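Visitor: One structure is given below, represented as structure tokens, and several questions about it will come after.
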Amino acid sequence: MSAAIEIKNLTKHFGAKTAVNDVTFNVEEGHCYGLIGPNGAGKTTTFSMMCGFLFPSAGSIKVLGVSPTEPGALKGKVGVLPQDAILPPTWPVGDLLTYYGELSGLPNAEAEAKQALERVQLPETWNVQAGALSHGMHKRVSMAQALMGSPPVIFLDEPTAGLDPKIAASVRNVIRELKGKHTVVVSSHNLQELEELCDATAILDKGKLVSASTMAELTGQMAEFRVQIARGEVPLAEIKALSGVKDARMEPNQVLCVSFDGQAVTPEEIITRAVGLLAQKNVLFLTVWRGKRLEERVLALT
Amino acid sequence: MADIQEIGAIWRGETRRALKSGRVLVLLILFLLFVGLALTIVGGVNHQLNAKFDSQLAMAGGDPGQAREQLVAAKKQFLSTFITDDEAMLDSLSALPLVLLVVFKLTLRFLPLFIALMGFDQLAGEVGPKSVRYLVVRVKRSSIILGKLLSQATLFGLLLVICTVLMVLVSKVLNAEFAAADVALWTFKLIVTSFTLSVAYLALTALFSAITRQGAVALVLNIIALFVIWFIALIGEAFRFPGEEALPNTLAMLKSESVFAYLRYASVWHFGDDLLHPHWSRWLTSGLVHLGFGLVFLGLAQLALSKRDL
């Protein structure tokens with residue numbers, strides 16, 4: 001798998017303030033990649049540089065092998081849902097999407113526009129002026145324009161922010177469908193959403209990169225699992241003695257954490273043996289999950 | 001080729017949107033109100049002067065033919081004092097009804113401001129709310145400027161044609177002597193003159209819209225720039241060139257010699273009058289100067305937009 005996006009020593013200053021400081025990471029082709037970080041971490045600035053809206057102060061970005069600021073280089077190859085970008089309010093949605101399709105050089109812009117609106121479940125807004133859309137509808141129309149023409153790289157900045165749970169779920173479904181067929185970069189504060197959707201992530205804090213890895217590496221899915229114990233005495237010594245187990249310990253709230261050697265044993269094998277042992281010892285448990293929650297990792301890192 | 005398609009798509013889209021919006025109608029009303037007001041005032045004054053002249057002539061019992069000749073001479077004197085002291089230009093302009101000439105000249109003064117009002121937010125209005133980002137991922141920044149500028153020029157041209165035709169028709173009604181062939185010729189001449197003069201100002205408006213984030217700021221800067229342009233021309237034209245002779249009975253008599261006279265060449269405004277000159281070399285030069293200033297402003301707009309964060 002080759003890198004669809006390569007970012008090297010990327011830096012952006014706004015006057016005296018350094019918004020992004022020497023950030024380096026790659027996004028593999030076909031991956032869904034998450035940009036994570038607290039407010040002011042530099043996510044949107046990094047995102048905006050990847051889309052060619054902002055010029056880097058130093059360092060370089062290549063999207064599909066070219067600089068995003070090179071005029072016309074990414075025409076029709078990139079779809080962007082920018083955060084806080086207002087759709088021109090006086091345009092009817094259908095006309096606007098058709099116009100954007102024409103600008104992207106799509107041969108049948110109107111049909112593409114209709115298809116994209118159906119994909120975000122808003123075909124009824126075709127004749128509605130963009131300025132009359134609710135926040136959620138605006139976001140989805142904006143998402144529709146990013147999907148038009150099925151570009152190989154799609155950037156989504158806060159795609160579900162401000163949406164009600166049902167609509168947010170449908171947007172997540174759309175993103176899920178994109179995985180594997182497109183390279184998708186998602187910036188979001190919703191860590192549960194990113195954990196569910198993304199193959200890899202970059203975590204930024206105060207403009208610096210604090211982690212760039214696959215989701216499995218980040219959450220330790222190949223190195224540990226946890227069991228929520230309901231009742232019973234956990235046989236820690238016997239679990240530690242299982243082949244491939246490196247350590248076992250109890251965490252607060254009756255959570256058993258087991259670390260294992262991912263090279264020596266597969267997760268499904270060790271989890272099955274461990275919970276089998278718990279059942280054998282009449283220990284009742286509620287759930288089992290691999291690794292740490294992304295939220296815990298992010299909180300630990302930032 | 002791709003650039004032309006992009007520019008064409010932006011031009012079509014923006015023009016369609018503008019024509020559907022109420023803004024064009026508002027601009028048309030504004031333009032018509034100005035022309036209407038100018039026609040009413042200038043036409044009214046002219047009508048009263050003519051009536052007074054005719055009544056005084058009737059009372060004195062003079063020769064009407066001789067009196068008419070005096071009137072033509074007085075008109076020429078007015079033109080040489082207030083409009084131009086160029087003989088060829090005077091002859092050419094004397095074919096126009098005085099009302100039309102004065103209103104047209106007033107309209108030319110108003111056009112740069114009208115263009116600023118029309119297009120101040122063409123880019124700034126998209127940069128502030130970041131809607132320009134939807135365009136930047138699809139087309140070159142240079143195509144955005146050119147497409148929007150062409151759209152502005154198209155709309156402006158449309159409004160200009162409507163208002164000029166109206167202006168000439170009203171003048172024809174007020175002046176029966178204004179021959180039909182002259183009406184057609186001068187309508188064409190006035191439209192071409194106004195449009196050529198406007199090229200530089202259309203580009204100037206694009207420049208200020210390209211360097212700002214807010215339409216209001218773009219408009220204020222644009223108006224300041226217009227005053228600077230007028231001011232430079234005014235200073236330059238307030239002096240005679242060193243060694244230049246002043247013709248008798250002209251405004252030049254009142255001017256002193258100074259190197260400041262050369263300042264006029266720094267202002268595109270100075271070259272506007274020659275657009276109506278009967279000699280082709282003069283109007284062509286003037287047209288090319290307007291085009292040149294337009295290209296400079298457009299080049300600066302391109303440079304600004306291509307280098308800035310959006």
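The values are calculated or read from the model by the stated rules, or taken from the named source; none is laboratory data. Predicted model only: the values in this text are computed from it and were never measured. So basically every Cβ, Gly included, is an ideal-geometry build from the backbone, and we count neighbours across all protein chains shown. What goes into the accessible areas is simple: the full protein's heavy atoms, side chains included, and nothing from ligands, DNA or RNA. Shrake-Rupley method; radii C 1.70, N 1.55, O 1.52, S 1.80 Å.
Visitor: Within segment A:82-93, restricting attention to residues that are at pLDDT below 95 and more than 7 Å from chain B (Cβ to nearest Cβ), which residue is farthest from A:ASN39 (Cα to Cα)?
Guide: A:PRO92
Visitor: Right, next: Would you call A:GLY34 away from every other protein chain (no Cβ under 14 Å), farther than 30 Å from B:LYS20 by Cβ and among the small types (Gly, Ala, Ser)?
Guide: Details: away from every other protein chain (no Cβ under 14 Å): yes; farther than 30 Å from B:LYS20 by Cβ: yes; among the small types (Gly, Ala, Ser): yes.
Judged against the criteria, A:GLY34 is a match.
Visitor: Which number in (1) in a loop (DSSP other than H, G, I, E, B); (2) touching a residue at least 12 places away in the same chain (Cβ under 8 Å); (3) farther than 16 Å from B:ILE83 by Cβ marks the one condition that B:LEU247 misses?
Guide: Against the list (1) in a loop (DSSP other than H, G, I, E, B); (2) touching a residue at least 12 places away in the same chain (Cβ under 8 Å); (3) farther than 16 Å from B:ILE83 by Cβ, B:LEU247 comes up short only on (3).
Visitor: Here's another thing I want to ask about it. Within segment B:154-178, can you find the residues that are under 13 Å from B:LEU100 (Cβ atoms) and outside any helix (DSSP H, G or I)? Steps first, please.
Guide: Kept after step one, since they are under 13 Å from B:LEU100 (Cβ atoms), are these residues of segment B:154-178: B:163-175, B:177-178.
Scanning segment B:154-178 gives B:ASN175, B:GLU177, B:PHE178.
Visitor: Could you list, ordered by first residue, the pairs with Cβ atoms under 7 Å in which the first is in segment A:83-100 and in contact (Cβ under 8 Å) with a residue 60 or more places away in the chain and the second is open to solvent by less than 30 Å² (accessible area, probe 1.4 Å), at least 6 apart or interchain?
Guide: A:GLN83/A:ASP157; A:GLN83/A:GLU158
Visitor: Being in contact with a helix residue (DSSP H, G or I) (Cβ under 8 Å, 6 or more places away or on another chain) and more than 20 Å from B:LEU288 (Cβ to Cβ) is the filter; apply it to segment B:181-195 and report the residue that is surrounded by the most Cβ atoms within 10 Å (Cβ to Cβ).
Guide: By that ranking, first place goes to B:TRP186.
Visitor: Got a number for residues in segment B:268-310 being open to solvent by less than 60 Å² (accessible area, probe 1.4 Å) and either modelled with pLDDT of 95 or more or part of a helix (DSSP H, G or I) (or both)?
Guide: Matching residues across segment B:268-310 total 24.
Visitor: So, restricting to helices (runs of 4 or more DSSP H) that lie completely within segment B:93-153, which ones have at least 1 residues that are at pLDDT below 90, more than 9 Å from every other protein chain (Cβ to nearest Cβ) and open to solvent by 10 Å² or more (accessible area, probe 1.4 Å)?
Guide: Numbers: elements: B:98-119, B:124-127, B:132-136.
Helices (runs of 4 or more DSSP H) meeting the threshold: B:98-119.
Visitor: How many residues, within segment B:69-118, are in contact (Cβ under 8 Å) with a residue 24 or more places away in the chain, under 17 Å from B:THR187 (Cβ atoms) and not aliphatic (A, V, I, L, M)?
Guide: 4
Visitor: On to the next question. Please pick out the residue among B:ALA233, B:ALA252 that is of a type in the set (Gly, Ala, Ser) and over 30 Å from B:ILE145 (Cβ atoms).
Guide: Values: B:ALA233 fails: over 30 Å from B:ILE145 (Cβ atoms).
Sole residue among the options that is of a type in the set (Gly, Ala, Ser) and over 30 Å from B:ILE145 (Cβ atoms): B:ALA252.
Visitor: Additional query: Name the helices (runs of 4 or more DSSP H) wholly within segment A:154-233 that hold at least 1 residues that are modelled with pLDDT of 90 or more?
Guide: Values: elements: A:165-178, A:191-197, A:215-219.
Where helices (runs of 4 or more DSSP H) fall fully within segment A:154-233 and carry at least 1 residues being modelled with pLDDT of 90 or more, they are A:165-178.
Visitor: Something else now. Identify the residue in segment A:254-265 that is within 29 Å of the chain's Cα centre (by Cα) and farther than 27 Å from A:ARG231 by Cα and, among all such residues, is most open to solvent (accessible area, probe 1.4 Å).
Guide: Kept after step one, since they are within 29 Å of the chain's Cα centre (by Cα), are these residues of segment A:254-265: A:255-263, A:265.
Imposing the further condition that a residue be farther than 27 Å from A:ARG231 by Cα reduces the set to A:261-263, A:265.
Working: A:ASP261: 54, A:GLY262: 29, A:GLN263: 175, A:VAL265: 7 Å².
Step by step, filter segment A:254-265, then rank; the result is A:GLN263.
Visitor: I'm trying to understand the selection: among the residues of segment A:50-61, which are more than 9 Å from chain B (Cβ to nearest Cβ), without any contact (Cβ under 8 Å) to a residue 60 or more places away in the chain and surrounded by 16 or more Cβ atoms within 10 Å (Cβ to Cβ)?
Guide: First, pick out the residues of segment A:50-61 that are more than 9 Å from chain B (Cβ to nearest Cβ): A:50, A:56-61.
Filter once more, keeping what is without any contact (Cβ under 8 Å) to a residue 60 or more places away in the chain: A:56-61.
A:PRO56, A:GLY59, A:ILE61, listed by residue number.
Visitor: Are any residues in segment A:100-112 more than 13 Å from chain B (Cβ to nearest Cβ) and either within 20 Å of B:ILE144 (Cβ to Cβ) or part of a loop (DSSP other than H, G, I, E, B) (or both), and if so, which ones?
Guide: If the condition is that a residue be more than 13 Å from chain B (Cβ to nearest Cβ) and either within 20 Å of B:ILE144 (Cβ to Cβ) or part of a loop (DSSP other than H, G, I, E, B) (or both), then A:ASN108 is the only one that fits.
Visitor: Now, a different point. Taking segment A:120-130, which residues are out of contact with any Gly (no Cβ under 9 Å at 6 or more places or on another chain) and open to solvent by 50 Å² or more (accessible area, probe 1.4 Å)?
Guide: Taking segment A:120-130 and keeping what is out of contact with any Gly (no Cβ under 9 Å at 6 or more places or on another chain), we get A:120-124, A:129-130.
Within segment A:120-130, A:GLN121, A:PRO123, A:GLU124, A:GLN129 meet the criteria.
Visitor: Suppose we filter A:LEU117, A:LEU10, A:LEU97, A:LEU87 for residues that are in contact with a Leu (Cβ under 8 Å, 6 or more places away or on another chain), outside any helix (DSSP H, G or I) and open to solvent by less than 10 Å² (accessible area, probe 1.4 Å); which single one remains?
Guide: Values: A:LEU117 fails: outside any helix (DSSP H, G or I); A:LEU10 fails: in contact with a Leu (Cβ under 8 Å, 6 or more places away or on another chain); A:LEU97 fails: outside any helix (DSSP H, G or I).
A:LEU87 is the lone residue from the list that is in contact with a Leu (Cβ under 8 Å, 6 or more places away or on another chain), outside any helix (DSSP H, G or I) and open to solvent by less than 10 Å² (accessible area, probe 1.4 Å).
Visitor: Going by what's in this entry, would A:THR45 be described as touching a strand residue (DSSP E or B) at 6+ places or on another chain (Cβ under 6 Å), assigned to a helix (DSSP H, G or I) and not basic (Lys, Arg)?
Guide: Yes, satisfied.
Visitor: Inside segment B:8-49, can you point out the residues that are open to solvent by 30 Å² or more (accessible area, probe 1.4 Å) and within 14 Å of chain A (Cβ to nearest Cβ)?
Guide: B:TRP11, B:ARG12, B:ARG16, B:ARG17, B:LEU19, B:LYS20, B:SER21, B:GLY22, B:ARG23, B:LEU25, B:VAL26
Visitor: Within segment A:4-35, take every residue that is in contact (Cβ under 8 Å) with a residue 40 or more places away in the chain and of a type in the set (Gly, Ala, Ser) and give me the one that is farthest from A:PHE55 (Cα to Cα).
Guide: Going through the qualifying residues, I end up with A:GLY30.
Visitor: Related question: Checking the structure you have, find out if any residue of segment A:131-148 is open to solvent by 30 Å² or more (accessible area, probe 1.4 Å), closer than 22 Å to A:VAL27 by Cβ and part of a helix (DSSP H, G or I).
Guide: Checked segment A:131-148: no residue is open to solvent by 30 Å² or more (accessible area, probe 1.4 Å), closer than 22 Å to A:VAL27 by Cβ and part of a helix (DSSP H, G or I).
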